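The values are calculated or read from the model by the stated rules, or taken from the named source; none is laboratory data. On a predicted model such as this, the values are computed, not experimentally measured, just so you know. Note: ideal-geometry Cβ built from the backbone for every residue, glycine included; neighbour counts use all protein chains shown. In case anyone asks, the SASA skips ligands and DNA or RNA and just uses the protein heavy atoms, side chains included. Shrake-Rupley method; radii C 1.70, N 1.55, O 1.52, S 1.80 Å.
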Amino acid sequence: QVQLVESGGGLVQAGGSLRLSCAASGSIISINAMGWYRQAPGKQRELVAGITRGGSTNYADSVKGRFTISRDNANNTVYLRMNSLKPEDTADYYCNIQGWSPSTFSRYPFNAWGQGTLVTVSS
């Protein structure tokens, strides 16, 4: 099995910054896509940012120019640097990691989620 541990959420004033981290451990052969999602109260979970194994990134329009996703392949970790935070960024943030785990004779894909970390931006 694959476990994800998130850290870095908290309370920050508007205009401030936070960095989220998500480390994967367990039965991992390789990791492909990594991403961050968020879910605000009463809203659906949405993709915030994603990054491929090769380093290509994509962002939600609402965070472009303010958030930066990065990854450390050696340590199976993904980061989300959030600058110029706004009250509308307040949400639970979840990391998502997809890759391959070993099986007896081959491998199988996994799609793992972090436990969520709360980011609260005050005005």
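Among the residues of the stretch 8-30, the ones that are open to solvent by less than 50 Å² (accessible area, probe 1.4 Å), of a type outside the set (S, T, N, Q) and not in a strand (DSSP E or B) come to 4 in all. Just checking, does the stretch 89-112 include any residue being open to solvent by less than 60 Å² (accessible area, probe 1.4 Å), modelled with pLDDT under 95 and of a type in the set (A, V, I, L, M, F, W, C)? Checked against the condition, which is being open to solvent by less than 60 Å² (accessible area, probe 1.4 Å), modelled with pLDDT under 95 and of a type in the set (A, V, I, L, M, F, W, C), the stretch 89-112 yields at least one hit. Within the stretch 31-54, the set of residues being open to solvent by 30 Å² or more (accessible area, probe 1.4 Å) and either part of a strand (DSSP E or B) or acidic (D, E) (or both) comprises N32, A33, Y37, Q39, E46, L47.
Residue check: G50 meets all listed conditions (1) within 19 Å of T120 (Cα to Cα); (2) without any contact (Cβ under 8 Å) to a residue 24 or more places away in the chain; (3) touching a strand residue (DSSP E or B) at 6+ places or on another chain (Cβ under 9 Å) but one, namely (1). For beta carbons closer than 9 Å, sequence separation of 6+ or different chains, a first residue in the stretch 105-117 that is touching a residue at least 40 places away in the same chain (Cβ under 8 Å) and a second that is open to solvent by 100 Å² or more (accessible area, probe 1.4 Å) and not acidic (D, E), the qualifying pairs are F110/Q1; A112/Q1. From the list T90, T77, T68, exactly one residue is in contact with a Leu (Cβ under 8 Å, 6 or more places away or on another chain), of a type in the set (S, T, N, Q) and within 18 Å of T117 (Cβ to Cβ). Which is it? Exactly one of T90, T77, T68 is in contact with a Leu (Cβ under 8 Å, 6 or more places away or on another chain), of a type in the set (S, T, N, Q) and within 18 Å of T117 (Cβ to Cβ), namely T68.
Looking across the stretch 78-88, the residues that are open to solvent by 30 Å² or more (accessible area, probe 1.4 Å) and either within 11 Å of the chain's Cα centre (by Cα) or of a type in the set (S, T, Y) (or both) come down to Y79, R81, S84. Going through (1) in contact (Cβ under 8 Å) with a residue 24 or more places away in the chain; (2) touching an Asp or Glu at 6+ places or on another chain (Cβ under 9 Å); (3) open to solvent by less than 60 Å² (accessible area, probe 1.4 Å) one by one, I69 falls short only on (2).
Report, by residue number, each residue of the stretch 113-123 that is surrounded by 13 or more Cβ atoms within 10 Å (Cβ to Cβ) and of a type outside the set (A, V, I, L, M, F, W, C). Correct list: G114, G116, T117, T120.
Just one of (1) open to solvent by 90 Å² or more (accessible area, probe 1.4 Å); (2) under 13 Å from the mean Cα position of the chain (by Cα) fails for N75. It is (2).
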